[in-house]
Amino acid sequence: MPLDAQVVSDIYRDHGDALRRFVLRVAADRDEADDVVQETVLKVWKAAPELTGSLRSYLFATARNVIIDRHRRAAARISATGLGEQDPESAGAYAGMEAVLDKILMEEALMRLTLEHRQVVIHLHYLGSTVAQTATSLGIPQGTVKSRAYYAMRSLRGILAEMGVEQ
C-alpha cells in the first residue's frame, strides 16, 4: 500500500505537537524524539484501517510502546546475561520506564484541564488536602470544590481515554 502523504501530513498537523511534547519528556534528545514520533505515526498509519477508537489515544499508546520497545532493545544490547536468564535489574528498569511514561501521561492530561479544575485535583489528590482545606486555600466554597472535583475527574477520565490510557 503506497504511503499517502496527505494522511501522514494530517496526522502530524493534528497531533504532532502533543505527541512530540510527550516523547521529549523521556527522549535523550530532539533527534531521538523525532525518530519516535516518526515511527509512531508510521505504525499508526499502517494500522489506520483497523482503528476503532480515537486516533489520538492510539497515537499516545503507540508512542508509549515504541519508547518501551526502544528502551528494551537498548537494554538487551547492553545486557551480558545468557539466554534464559533474566536480569532482575532490567525487569525493574522496564517497570520504572513504564511508571515514568504513566506519570508523563498524567501530567499531560492534567495540563489539559482548566486551571480551576487542575487546582482542585492537585489539592485533593496530590497534596492530600481535605475539601475544607482546599476551599480555604483556593478561597472558594466547599460546594464549589466538590463540584469542580466531580467535573475535573470526569474530564480527566475522558482526556486519559483519548490519550490511550485504559482504566
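Values quoted throughout were computed directly from the atomic coordinates according to the rules given, and no laboratory measurement underlies them. Keep in mind that this is a model prediction, so the values were computed, not measured. As a convention, Cβ positions derive from the backbone with ideal geometry for all residues, glycine included, and neighbour counts pool all protein chains shown.
Table for the structure above
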quantity	calculated
Rounded, prolate or oblate (a/c below 1.5 giving rounded, otherwise prolate when a/b exceeds b/c) for region 101-167 by Cα gyration tensor	prolate
Protection proxy ranking, peptides 40-47, 57-64, average beta carbon neighbours within 10 Å, highest first	57-64, 40-47
Net charge contributed by nearby residues that have their C-beta within less than 14 Å of Val131 (K/R +1, D/E -1)	+2
Formal net charge of residues neighbouring Arg148 (Cβ-Cβ distance under 12 Å; K, R +1; D, E -1)	+2
